[in-house]
Amino acid sequence: MNTAPLSAPATDSHCCVPSGRPALDAAEAQRRARVLKALSDPGRLRLLSIVKAADGGGACVCDLTEPLELGQPTVSHHLKVLLDAGLLHREKRGTWAYYSLVPGALEAASESITGL
């Protein structure tokens, strides 16, 4: 059995030296978190996949409720979250709204994680 007294750990003069790499500021962290939060819901991920797979440059809101088996108010809520996060674009065509992916938005979301 070792009975030597515990000694204080050696001080390392490098432990508190800033790395020099820029850290995320609060506003950028909030922006990235909003996108990641939007992507964290299974229903929203499914909506993105449906919109991405749609022919003709967008998916009509009328085509988004049935595949998800969700009510129109719930789908509308999820679409708003995706719009606010900058992942979807909304275009009014007559009485219908069509949704399309914002070009580069998914790649930017991926980079927001890998670029930390």
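The values are calculated or read from the model by the stated rules, or taken from the named source; none is laboratory data. The structure displayed is predicted, hence computed values, not measured ones. All Cβ positions, even for glycine, are placed from backbone atoms using ideal geometry, and neighbour counts span all protein chains on display.
With respect to Val51, is the statement that it is out of contact with any Gly (no Cβ under 8 Å at 6 or more places or on another chain) and either surrounded by 16 or more Cβ atoms within 10 Å (Cβ to Cβ) or not hydroxyl-bearing (Ser, Thr, Tyr) (or both) true? The answer is no for Val51.
Contact map, segment 70-97: first residue closer than 21 Å to Ala27 by Cα, second residue loosely packed, with under 12 Cβ neighbours inside 10 Å, Cβ cut-off under 7 Å, separation 6 or more or different chains; the map is empty. Pairing residues of segment 26-45 that are within 21 Å of Gly71 (Cβ to Cβ) and surrounded by 14 or more Cβ atoms within 10 Å (Cβ to Cβ) with residues that are among the acidic types (Asp, Glu) and at pLDDT 95 or above, at Cβ distances under 8 Å and at least 6 apart in sequence or on separate chains, gives Ala38/Asp84. Residues that are buried (at least 17 other Cβ atoms within 10 Å of the Cβ) and β-branched (Val, Ile, Thr) were ranked within segment 57-116; the one that is nearest to Arg32 (Cα to Cα) is Val81. Going by the structure shown, is Ala10 at pLDDT below 95 and either under 13 Å from the mean Cα position of the chain (by Cα) or in a helix (DSSP H, G or I) (or both)? Criteria not met by Ala10.
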